[in-house]
Amino acid sequence: MRTLVVGSGGREHALVWKLEQEKIEVYCAPGNGGISEDAVCYNAHTIDELVEFASERRIDLTIVGPEAYLAQGIVDAFEARGLKIFGPNAVAARLESSKVFAKMLMDRYDIPTARFRWFDDPNHAERYLERCEFPVVIKADGLAQGKGSYVVKDREDGFAVIDLLMRKKIFGQSGEKIVIEEFLEGKEMSLMVLSDGRTFVPLLSAMDYKKAHDGDRGPNTGGMGSIAPAPHYSEELWRIVKKEMLDKLLVAFEKESIVYKGVLYLGLMITRDGPRVLEFNCRFGDPETQAVLPLMRTNLTEVCLAAIEGSLSKLSLSWHDEKSVCVVLASGGYPGEYRIGFAIDGLDSTQGVLIFHAGTKKQDGKFVTSGGRVLNVCATGKTYEEARRKVYSQIEKIHFDGMHFRKDIGLV
């Protein structure tokens, strides 16, 4: 069997690693320095290039990592050529590519989420803010690499965010519309579920750490670490999520003629009044996937094909009974401005951990930094503490100029 993973980050390296355990032929496009050690990398970036590559190499299964490809219709393009691909089509991917679309859908089908208003005019948004109780959350409508959400504590702060998103357009078209919603308090967690359009099957729960610095301080990032399973997940919580969110989503899909196949990521806030949807993502979470996959016993190819072929109801997932911790090593300055091209030392001396490369490239036979999030160091153990001890003891052996990481991942 030949598989193709689309993307170039830590999530994609984890997917490649999992497929490699299944002793099958693995390609990745475009990949990165670390991925090139575990898969055949091909320098393809556009959807047309990827379709041609998959056709020429007779790829049996393609798994899409980044949300941008899904929003742009990569699944539609592959299916038009008769190629098997894991992920939702462009219409279904609007659950992530448009916050306004997702919030309106939840409102129509009574799916619990934060109260909200959306705006396409910055002046109207500012007038609404003048009547708000603070804090509130302001979100860019479109894709912003996990950085388009702001908790604002007063009007001046809110006006500044509206100006950045809607007038200065720091995220381009993604900020032409915004959502202003109530601030929810509680415990945050991530739940990824498989969908074949008719059935939802949960993967292991996870929790990610969005803020740049210890103690959940600093700006939002794409994620500075993750653990699995989430310590506050329970079977009772799953029953509520299934009844109040997923069963209602299936009704919505049928009535709105949405065919959703792939992974649906629910960002949840567990409030004192029950779980609320913070956001939907239409792909594997990053860095949650890096914590979840090392605990999965079931073959990833089996999982993906069941979703594509509509047989998830027959699938039984198996997991290792352990805890998993993933810590992101980032470039100094991330998620703001940062420099790249620094040599990475110490990778050969690490033991007992998985290292998924996120922003690296090979240069003269040596790994150098090439992105904001550079490496994901992951380990499993009988407890969170055992897993985090393994991770942090090996991080001490790794070095690159400006290396930054949180020291509180997995403290539960």
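The values are calculated or read from the model by the stated rules, or taken from the named source; none is laboratory data. What you are looking at is a predicted structure, and each value in this text was computed from that prediction instead of being measured. Here the Cβ positions follow ideal geometry from the backbone for every residue, glycine too, while neighbour counts run over all protein chains shown. Heads up: the accessible areas ignore ligands, DNA and RNA and are worked out on the full protein's heavy atoms, side chains in. Shrake-Rupley method; radii C 1.70, N 1.55, O 1.52, S 1.80 Å.
Of the conditions (1) outside any loop (DSSP other than H, G, I, E, B); (2) at pLDDT below 95; (3) among the small types (Gly, Ala, Ser), Gly158 clears all except one; give me its number.
(2)
Does Glu12 meet the test of being open to solvent by 10 Å² or more (accessible area, probe 1.4 Å), in contact (Cβ under 8 Å) with a residue 24 or more places away in the chain and either assigned to a loop (DSSP other than H, G, I, E, B) or within 20 Å of Tyr69 (Cα to Cα) (or both)? Please lay out each step first, then the result.
On the way: open to solvent by 10 Å² or more (accessible area, probe 1.4 Å): no; in contact (Cβ under 8 Å) with a residue 24 or more places away in the chain: yes; either assigned to a loop (DSSP other than H, G, I, E, B) or within 20 Å of Tyr69 (Cα to Cα) (or both): yes.
Against the criterion (open to solvent by 10 Å² or more (accessible area, probe 1.4 Å), in contact (Cβ under 8 Å) with a residue 24 or more places away in the chain and either assigned to a loop (DSSP other than H, G, I, E, B) or within 20 Å of Tyr69 (Cα to Cα) (or both)), Glu12 does not qualify.
Counting only residues that are of a type outside the set (Ser, Thr, Tyr) and part of a loop (DSSP other than H, G, I, E, B), how many does the stretch 348-398 have? Please lay out each step first, then the result.
As a first pass, look at the stretch 348-398 and keep what is of a type outside the set (Ser, Thr, Tyr): 348, 351-359, 361-368, 371-379, 381-382, 385-391, 394-398.
Those still in the list that are part of a loop (DSSP other than H, G, I, E, B) too: 351-353, 358-359, 364-365, 371-372, 382, 396-398.
Total meeting the criteria: 13.
Of the conditions (1) of a type outside the set (Asp, Glu); (2) in a helix (DSSP H, G or I); (3) on the phi > 0 side of the Ramachandran plot, Gly146 clears all except one; give me its number.
Result: Gly146 fails condition (2) only.
Report yes if Asp401 is touching a residue at least 24 places away in the same chain (Cβ under 8 Å), farther than 25 Å from Leu15 by Cβ, open to solvent by 60 Å² or more (accessible area, probe 1.4 Å) and not in a strand (DSSP E or B), otherwise no. Working first, answer last.
Numbers: touching a residue at least 24 places away in the same chain (Cβ under 8 Å): yes; farther than 25 Å from Leu15 by Cβ: yes; open to solvent by 60 Å² or more (accessible area, probe 1.4 Å): yes; not in a strand (DSSP E or B): yes.
Against the criterion (touching a residue at least 24 places away in the same chain (Cβ under 8 Å), farther than 25 Å from Leu15 by Cβ, open to solvent by 60 Å² or more (accessible area, probe 1.4 Å) and not in a strand (DSSP E or B)), Asp401 qualifies.
Of everything in the stretch 336-356 that's in contact (Cβ under 8 Å) with a residue 60 or more places away in the chain and touching a strand residue (DSSP E or B) at 6+ places or on another chain (Cβ under 6 Å), which residue is least open to solvent (accessible area, probe 1.4 Å)? Even if it seems obvious, please write down each step before you answer.
From the stretch 336-356, those in contact (Cβ under 8 Å) with a residue 60 or more places away in the chain are 336, 338-339, 342, 354-356; that's our starting set.
Restricting the remaining residues to those that are touching a strand residue (DSSP E or B) at 6+ places or on another chain (Cβ under 6 Å) gives 342, 354-356.
On the way: Phe342: 43, Leu354: 48, Ile355: 35, Phe356: 3 Å².
Here the residue is Phe356.
Can you tell me which residue is farthest from Ile180 (Cα to Cα) among those in the stretch 98-126 that are part of a helix (DSSP H, G or I) and of a type outside the set (A, V, I, L, M, F, W, C)? If you could, list the steps in order and put the result at the bottom.
Taking the stretch 98-126 as the starting set, the residues that turn out to be part of a helix (DSSP H, G or I) are 99-108, 122-126.
Now drop any that are not of a type outside the set (A, V, I, L, M, F, W, C), which leaves 99, 103, 107-108, 122-124, 126.
On the way: Lys99: 10, Lys103: 11, Asp107: 14, Arg108: 18, Pro122: 12, Asn123: 13, His124: 11, Glu126: 10 Å.
The extreme case among them is Arg108.
Would you check if there is a residue in the stretch 169-183 being under 16 Å from the mean Cα position of the chain (by Cα) and outside any loop (DSSP other than H, G, I, E, B)? It would help to see each step written out before you state the result.
Start the filter on the stretch 169-183 by keeping residues that are under 16 Å from the mean Cα position of the chain (by Cα), which leaves none.
The answer is no; no qualifying residue exists.
Looking only at the stretch 310-356, how many residues end up being within 21 Å of the chain's Cα centre (by Cα) and either aliphatic (A, V, I, L, M) or within 23 Å of Gly381 (Cβ to Cβ) (or both)?
Looking only at that region, the number is 13.
Evaluate the stretch 197-214: report whether one residue or more is open to solvent by 20 Å² or more (accessible area, probe 1.4 Å), at pLDDT 95 or above, over 20 Å from the mean Cα position of the chain (by Cα) and under 26 Å from Tyr334 (Cβ atoms).
yes
Output the residues belonging to the stretch 187-196 that are surrounded by fewer than 20 Cβ atoms within 10 Å (Cβ to Cβ) and touching a His at 6+ places or on another chain (Cβ under 9 Å). So that I can check it myself, show each step before the final result.
Let us first name the residues in the stretch 187-196 that are surrounded by fewer than 20 Cβ atoms within 10 Å (Cβ to Cβ), namely 187-188.
Passing the criteria: only Lys187.
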